[in-house]
Amino acid sequence: MNSGSNNGSADAGLRGAVVGDTRLSSINGEEGRLIYRGIDIHDLARESTFEETAYLLWHGMLPSRASLAAFRADLGARRELPAVIEDLLRTLPATAAPMDVLRTAVSALALFDEKVDNRSRAATLEKALRLTAIFPTILAAFHQLSNGRKPIAPKRDLDTAANFLYMMTGKTPSESAFRVLDMALVLHADHGMNASTFSAIVTAATLSDMYSAITSAIGTLKGPLHGGANEGVIHNLLEIGELDRVPAWVDAKLAAHEKIMGFGHAVYTAYDPRATDLKALAGAVGAAAGSTKWFTMTEAMERAVWERKRLYPNVDLYSACVYHTLGIPTAYFTPVFAMSRIAGWCAHVMEQYEDNKLIRPRANYVGNRGVAYMPIDQRDTDIAV
Ligand SMILES: CC(C)(COP(=O)(O)OP(=O)(O)OC[C@H]1O[C@@H](n2cnc3c(N)ncnc32)[C@H](O)[C@@H]1OP(=O)(O)O)[C@@H](O)C(=O)NCCC(=O)NCCS
């Protein structure tokens, strides 16, 4: 029996590996820069909207006023939840995690799309529109149903962010609340070859359908090392409770070798540019709401982690503070991330279909070789191999 083998040592977590070409977004990890289609994320956050950003990602163009109006109308017209999906949501446990609900609903939607396996540009764009339009409706409908209320029908004329807040609360949000969430959606729309996008394109690269690719992506985004981190941040802040307890809490976490959600990144060695914008938003939202407690605690956590570990915050640290202050329930933080990242996932799936190659890496086998097979009648116990 030979122990182990070496086909070359594996690059743990594929850090630095390049899986293909993309024209969608690019991260400069050393300088802390992010571009979508060549445009700096800070410019988009300040000037653009989620709808315009999705159009930019999908079409490679900044839309004219007329094109953007048509695109908004296309999204608005696809927001209604099919009755069969609403019925499905009613059957799910009220305690279900909204990310699991979203994954289930997207999977179910595929069953009612007659063109599910059509990968033409036109059919794929239609799926992208439908999924982007319906994510907020699925989530808000489940939020209402799981609280014993009737879902609130979407409004066609509102933008994605405003319509989501409306369906969650029954009230048309203030211009500033809409703008804050809209900026957060712009900042989350795409991010190079992140884990959930990779899941989506691995699935798409087998020439499986868009719904399967997006279902894979939702399952991947859910994890606490990826999109799930924003929910972890708020759980941490609630657990800490008071500003003066932040340093000791950070010390205890680090002493226990636990990861602190909202810090560190696989690509950035500089400040995450999205965190810069979200930090400014979090401060402004807190001040406008007359409550800066969460923002101040988050800043204290940032300082404490930097002093002890030299780790920068990532996108999830201050987004958690923004969503919490906007009154979005914690279980919907990662789904809000998905509501935005769907634009990037769809763009990558479309790009993948246009120039496809099966994605099939190898693993570095480190197990035994030459192990003799022992027939079952000679085994009195389990035999370790
Ligand atoms: C995102 C993440 C997985 C990237 O990790 P990575 O590049 O693979 O880096 P590693 O997990 O190998 O960590 C490298 C070192 O930094 C530490 N580190 C990284 N992120 C940390 C965190 N959030 N809290 C505490 N320590 C952290 C590791 O413990 C390790 O320290 P060591 O060398 O003393 O053992 C990681 O930073 C993390 O788990 N962050 C928390 C979850 C999170 O916020 N995810 C959202 C990402 S946008």
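Before moving on, here are some points about what is shown:
- Shape index of segment 1-160: Rg/Rh, with Rg the Cα radius of gyration and Rh the Kirkwood radius from the inverse mean 1/r over Cα pairs, equals 1.08.
- P(r) tail fraction, segment 171-286 - alpha-carbon pairs more than 26 Å apart, %: 36 percent
- Extension gain, R33 back to K155 (0.36 nm per residue minus Cα-Cα distance, nm): 40.4 nm
- The slack between A384 and E258, meaning 0.36 nm per residue of separation minus the straight C-alpha distance, is 42.1 nm.
- Cleavage-rule hits (trypsin sites (Lys or Arg not before Pro)) in segment 171-272: DSSP loop, at most 10 neighbouring Cβ within 10 angstrom: K171
- Summed residue charge, Cβ within 10 Å of A338's Cβ, Lys/Arg positive, Asp/Glu negative: +3
- If R0 equals 35 Å, the separation of the Cβ atoms of V366 and L238 corresponds to a calculated FRET efficiency of about 0.25.
- Loop trypsin sites (Lys or Arg not before Pro), segment 274-336, which have at most 12 other Cβ atoms in a 10 Å radius of their Cβ (DSSP): R310
- Rounded FRET efficiency, nearest 0.05, which uses the C-beta distance separating A280 from L125 and R0 of 25 Å: 0.15
- Debye intensity ratio in log₁₀ form over the Cα atoms of segment 90-237, taken at each q of 0.16 Å⁻¹: -1.04
- Computed over all pairs of different Cα atoms, the Kirkwood value for the hydrodynamic radius of segment 285-385 is 19.6 Å.
- Extension gain from E307 to R23, taking 0.36 nm per residue of separation minus the Cα-Cα distance: 98.5 nm
- Among the lysines of the chain, pairs at least eight places apart or on separate chains and with Cα atoms under 25 Å apart come to 19.
- Debye log10 I(q)/I(0) at q = 0.07, 0.09, 0.11, 0.14 Å⁻¹ for the chain, Cα point scatterers: -0.35, -0.56, -0.81, -1.23
- Computed [θ] at 222 nm, helices only, for the chain once each DSSP H run of length n ≥ 4 contributes -39500 (n - 2.57): -17500 deg cm²/dmol
- Per-pair calculated FRET efficiency, R0 = 41 Å: S291 and S64 via Cβ, rounded to 0.05: 0.50
Here, each number is a calculation from the coordinates, and none is a lab measurement. From a predicted model like this one, the values you see are computed outputs, not experimental measurements. Neighbour counts run over all protein chains shown; Cβ positions are idealised from the backbone, glycine included.
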